[in-house]
1. Inspect segment 26-48 for any residue being loosely packed, with under 14 Cβ neighbours inside 10 Å, closer than 30 Å to Gly166 by Cα and not small (Gly, Ala, Ser) and give the result as yes or no.
2. Which is touching a residue at least 60 places away in the same chain (Cβ under 8 Å), surrounded by 18 or more Cβ atoms within 10 Å (Cβ to Cβ) and not in a helix (DSSP H, G or I), of Leu63, Leu83, Leu53?
3. Could you give every pair whose Cβ atoms fall below 6 Å, whose first residue belongs to segment 103-120 and is more than 30 Å from Pro254 (Cα to Cα) and of a type in the set (Ser, Thr, Tyr), and whose second residue is surrounded by fewer than 17 Cβ atoms within 10 Å (Cβ to Cβ) and modelled with pLDDT under 95, counting only separations of at least 6 or pairs across chains?
4. Of the conditions (1) among the acidic types (Asp, Glu); (2) over 21 Å from the mean Cα position of the chain (by Cα); (3) part of a strand (DSSP E or B), Glu96 clears all except one; give me its number.
5. Please find, within segment 194-210, the residue that is nearest to Ala181 (Cα to Cα) out of those that are touching a residue at least 24 places away in the same chain (Cβ under 8 Å) and buried (at least 20 other Cβ atoms within 10 Å of the Cβ).
6. Consider only pairs whose beta carbons are under 9 Å apart and that are at least six residues apart or on different chains; among these, list those whose first residue lies in segment 235-250 and is under 13 Å from Cys216 (Cα atoms) and among the small types (Gly, Ala, Ser) and whose second residue is open to solvent by less than 30 Å² (accessible area, probe 1.4 Å) and part of a strand (DSSP E or B).
7. Would you be able to tell me the number of residues in segment 208-227 that are among the polar types (S, T, N, Q) and part of a helix (DSSP H, G or I)?
8. Pick from Asp239, Asp303, Asp277: which is open to solvent by 20 Å² or more (accessible area, probe 1.4 Å) and touching a Cys at 6+ places or on another chain (Cβ under 8 Å)?
Amino acid sequence: MSPTEQPRILTVTLNPTVDLSLDVRQLVSGGKNRAQLSSVQGGGGGINVARCLARLGVPAMALHTSGREVGRRLNRLLDEEGLLHRSIDIDTETREAFVIGEEWSGHSYHVVPPGPRLSEADTVRCAEAIVSAARDFSYLVLTGSATPGLRDDFSADIVRSAHADGITTVLDIAGNQLRKALQEKAFLIRLDRREAGELIGRAIEDFPDARAANECVLEIGATDNVVTTVGALGAVYSDREFHHEISAPPLPNPARSDACAGDSLVAALTSRLAAGDSCVCACEYGVAAAAATVMLPGTRVFDRDIVDQLGTAVHTRQIRRFRSTD
């Protein structure tokens, strides 16, 4: 990335965290679990996406809330990391989260509190800041969890404004925020297994289940591009004509943590969209990035070289959504 290159991508994190990563030999229920502090860094969906974009050499700006002492610490951490960011001051404390890596099992546990409750004034200030900032960018990535009590149509209003301003919007949100946003028009929507399962009323276990979830979103008219992730299997990307079953590459090492897998996928696919790739190619690259990240502990994210290597082993099967009427 050139020092003078201006970012084209804005990521938004309404409910960021300061992530404290701890390593323990084995978690036990009695006594004390002695731990080593392995890292402290800023986190939350949009911040993670911006970090992944930086790994790919793609400039991005992370817009996030910042409240009180933990918020000031978050700003210092992002400054020290060299991540481009801009904060929106709020009157309540930014949350802290804990990532516990267990050595004997290789598993990671992500313990995340709900975060601050925004006042009405904070909510208005955040909405105005996001809409205003987004006008300076070509791509808007709205991702991560909402703060408790946030009005259900907050994200929908952002999506509506971005669409009216001609901004390419990528959505990776959940719960009531997603349900209201489905009434608007985004360029691409990413669903995790939980949200996709709620849309179709059953668990997402395989590619056919993911296809059904994508059909639901496309029929609503919320987007022309939707991707549902299916864990270790990969993902299904669907557009108006085809479903694309994207099989994840074989992993050279065991899976350790999926904490930032979704953010890695969103970052990688957005980077390829910004470079002019098709949505299919972008989603294939996203699946490779997610695979590279799950092999790492805690909230660590991929190395670009590994993503490129795994990308050669990603395979896609195309299925037409509707039979030809010829």
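1. The answer is no, given that none of the residues of segment 26-48 is loosely packed, with under 14 Cβ neighbours inside 10 Å, closer than 30 Å to Gly166 by Cα and not small (Gly, Ala, Ser).
2. On the way: Leu83 fails: touching a residue at least 60 places away in the same chain (Cβ under 8 Å); Leu53 fails: not in a helix (DSSP H, G or I).
Selected residue: Leu63, the only one of Leu63, Leu83, Leu53 that is touching a residue at least 60 places away in the same chain (Cβ under 8 Å), surrounded by 18 or more Cβ atoms within 10 Å (Cβ to Cβ) and not in a helix (DSSP H, G or I).
3. none
4. (2)
5. Only one residue fits best here, namely Ala196.
6. If the second residue must be open to solvent by less than 30 Å² (accessible area, probe 1.4 Å) and part of a strand (DSSP E or B), the pairs left are Ser238/Val226; Ser238/Val227; Ser238/Thr228; Ser238/His244.
7. Taking segment 208-227 and keeping what is among the polar types (S, T, N, Q), we get 214, 223, 225.
Narrowing further to those that are part of a helix (DSSP H, G or I): 214.
Result for segment 208-227: 1.
8. Numbers: Asp303 fails: touching a Cys at 6+ places or on another chain (Cβ under 8 Å); Asp277 fails: touching a Cys at 6+ places or on another chain (Cβ under 8 Å).
Result of the check over Asp239, Asp303, Asp277: Asp239.
The values are calculated or read from the model by the stated rules, or taken from the named source; none is laboratory data. Just so it is clear, the structure is predicted and the values come from calculations on it, not from any experiment. Methodologically, a virtual Cβ is constructed for each residue, glycine included, from the backbone with ideal geometry; neighbour enumeration extends over all protein chains shown. Accessible surface areas use protein heavy atoms only, side chains included; no ligands, DNA or RNA. Shrake-Rupley method; radii C 1.70, N 1.55, O 1.52, S 1.80 Å.
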